[in-house]
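Readers should treat all values here as calculations from the given coordinates under stated rules, not as data from a laboratory. Everything quoted here is computed from the prediction, not taken from an experiment. Cβ: placed from backbone, ideal geometry, glycine included. Neighbour counts: every protein chain shown.
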Amino acid sequence: ESSAVHKWYGIVLNKHSEFQGTKATIQNSFVVRDHWRKAVELNEGDATAHALLGEWSFSVAGLSGVTRSIAAALFASPPTATYQEALDAFLKAESVQPGFWLKNQLNIAKCYVHLSNPPEAAAWLHRLLNASPHSQPKCVWRSLGFLP
């Protein structure tokens, strides 16, 4: 089995589901999560796979009440995750490959905000703001809102 295959299958299925709407995204969420878990299991050193699991947990933890109701109608037990689980995955990604993706650092700060830890959120935002714009492509800085 290949970690990369599981990681990319999850990525493609996740993006495909987004185009199909909320119902498809929820239906495929377990499959996406399981592929990313398998990618991490097969390659603990893949920071991106850890970050993807963090993004999955973050998005599930932040589901609206309406989306949760749809999920409950579709499944006996809808997907669940916490901001702490998301934070753990983002921190693991950062420990595996520090600074590999600025968005991961932003996601860590966002988790700390949701977990009511402003000092840690501020520390991660400060770290992010001090990162060199030359360390990441301009498209990354644009996506974070730092460049026009």
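What the table shows:
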read-out: 18 Å Cα-Cα reach of K110 towards aspartates and glutamates, excluding residues that sit fewer than 8 places from it in its own chain; value: E55, E85, D88, E94, E120
read-out: Residue-count net charge about L87 - beta-carbon cut-off 13 Å; Lys, Arg +1, Asp, Glu -1; value: -3
read-out: The chain: angle of helix 3-20 to the longest principal axis, Cα-based, in degrees nearest 10; value: 70 degrees
read-out: Rg ratio (alpha-carbon, reference 2.2 N^0.38 Å) - the range 71-122; value: 1.38
read-out: Cα gyration tensor shape of the range 26-94, rounded if a/c is under 1.5, else prolate or oblate by comparing a/b with b/c; value: oblate
read-out: Calculated P(r) of the chain - Cα pairs past 21 Å, %; value: 49 percent
read-out: Simple Cβ-charge dipole of the chain, Lys/Arg +1 and Asp/Glu -1, about Cα centre, in debye nearest 20; value: 440 debye
